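Colleague: Next up is a structure, given as structure tokens.
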Amino acid sequence: MGVSDGWVEIGDRVFVRRYAFYDQNIGLILGRAEALVIDTRSTYAQAREIQGHVQELTDSPVGVVVDTHGHFDHVFGNGIFRPATIWGHERCVTFMVRNGERRKATIAAEEPTLADDLSEIVIDPPDRVFATHARVEVGGREVMLRYLGRGHTDHDIVIEVPETGVVFGGDLVENGNVPFFGDAYPIEWPATVEMLAARVGDDAIVVPGHGDHGGKAFLQAQAASLAKLAELAQGDFFGEMSII
């Protein structure tokens with residue numbers, strides 16, 4: 001799968017579309033007369049682009065949105081999908097309320113081409129939240145949301161689509177991109193990804209927040225890489241650097 005290849009069906013009525021901006025994956029799950037979108041991108045314009053692309057596959061409304069976590073590139077488009085119900089971890093709400101306006105200003109300064117689009121955004125956190133797991137229904141179809149532990153943030157969740165082997169991992173895993181550690185818990189992150197790897201089967205399809213989707217081996221490799229970083233962080237490596 002490459003950037004701008006359109007929707008790719010990776011399970012029964014489960015699709016992913018990969019956008020060139022930030023090499024980001026957006027998920028789409030179709031039920032009977034209702035659709036669920038995973039993440040809403042960075043701006044209202046980008047969210048409207050998702051809406052238009054959803055209409056390529058279905059006339060059904062997007063009744064449910066799931067935020068994998070509260071970083072701007074995953075949630076700033078939320079308002080465009082209202083009155084859909086928006087799900088996320090309980091701490092996603094806290095994160096967005098605490099950081100949303102400040103992040104808008106910071107990102108506008110760092111990426112001036114987005115400044116005008118960012119100015120119109122109203123921070124719109126999830127209105128349905130959970131602590132450890134939740135069962136969501138979309139058009140008579142069950143989707144599972146799970147919090148497995150701290151990692152990329154303190155509120156990353158994964159989305160499991162029963163009977164398809166498909167899991168959306170958000171930014172707990174990335175493929176071909178350097179993980180972002182700005183809000184991360186690097187010591188705990190490896191164990192969280194290991195827990196996710198333990199949950200999936202050998203034929204699973206795992207969709208990262210950014211980059212190509214992979215499988216169980218991809219998760220295991222990510223966990224090993226993160227564990228090595230955590231080992232360095234806890235060892236003498238950084239202490240020796242600070243002495244030099």
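Colleague: Within the range 95-122, count every residue that is among the β-branched types (Val, Ile, Thr) and either under 17 Å from the mean Cα position of the chain (by Cα) or part of a strand (DSSP E or B) (or both).
Modeller: 0
Colleague: Also, I was wondering about something else. In the range 26-41, how many are open to solvent by 10 Å² or more (accessible area, probe 1.4 Å) and part of a strand (DSSP E or B)?
Modeller: Taking the range 26-41 as the starting set, the residues that turn out to be open to solvent by 10 Å² or more (accessible area, probe 1.4 Å) are 30-34.
With the extra rule that they be part of a strand (DSSP E or B), the set shrinks to 30.
Result for the range 26-41: 1.
Colleague: From the list Pro190, Pro126, Pro179, pick out the single residue that is of a type outside the set (Ser, Thr, Tyr) and not in a loop (DSSP other than H, G, I, E, B).
Modeller: Pro190
Colleague: May I pose another question? Identify, from the list Ala115, Ala191, Ala227, Ala217, the residue that is modelled with pLDDT under 95 and either more than 19 Å from Cys92 (Cβ to Cβ) or open to solvent by 70 Å² or more (accessible area, probe 1.4 Å) (or both).
Modeller: None of the other options fit; the residue is Ala227.
Colleague: Additional query: Please work out if Thr58 is under 16 Å from Phe168 (Cβ atoms), assigned to a loop (DSSP other than H, G, I, E, B) and at pLDDT 95 or above.
Modeller: no
Colleague: Can you name the number of the only condition in (1) of a type in the set (A, V, I, L, M); (2) open to solvent by less than 50 Å² (accessible area, probe 1.4 Å); (3) at pLDDT below 90 that Leu232 fails?
Modeller: (2)
Colleague: Still on this structure, I have one more. Being open to solvent by 20 Å² or more (accessible area, probe 1.4 Å), closer than 28 Å to Leu148 by Cβ and β-branched (Val, Ile, Thr): is that true of Val75 here? Break it down into steps so the answer makes sense when it comes.
Modeller: Numbers: open to solvent by 20 Å² or more (accessible area, probe 1.4 Å): no; closer than 28 Å to Leu148 by Cβ: yes; β-branched (Val, Ile, Thr): yes.
So Val75 fails the test.
Colleague: Here's a follow-up. From the list Arg82, Arg48, exactly one residue is within 20 Å of Tyr22 (Cα to Cα), among the basic types (Lys, Arg) and open to solvent by 30 Å² or more (accessible area, probe 1.4 Å). Which is it?
Modeller: Just a single option satisfies the conditions, and that option is Arg48.
The values are calculated or read from the model by the stated rules, or taken from the named source; none is laboratory data. Predicted model, so just to flag it, every value in this text is computed and none were measured. Cβ: placed from backbone, ideal geometry, glycine included. Neighbour counts: every protein chain shown. SASA here: full protein model, heavy atoms, side chains in, ligands and nucleic acids out. Shrake-Rupley method; radii C 1.70, N 1.55, O 1.52, S 1.80 Å.
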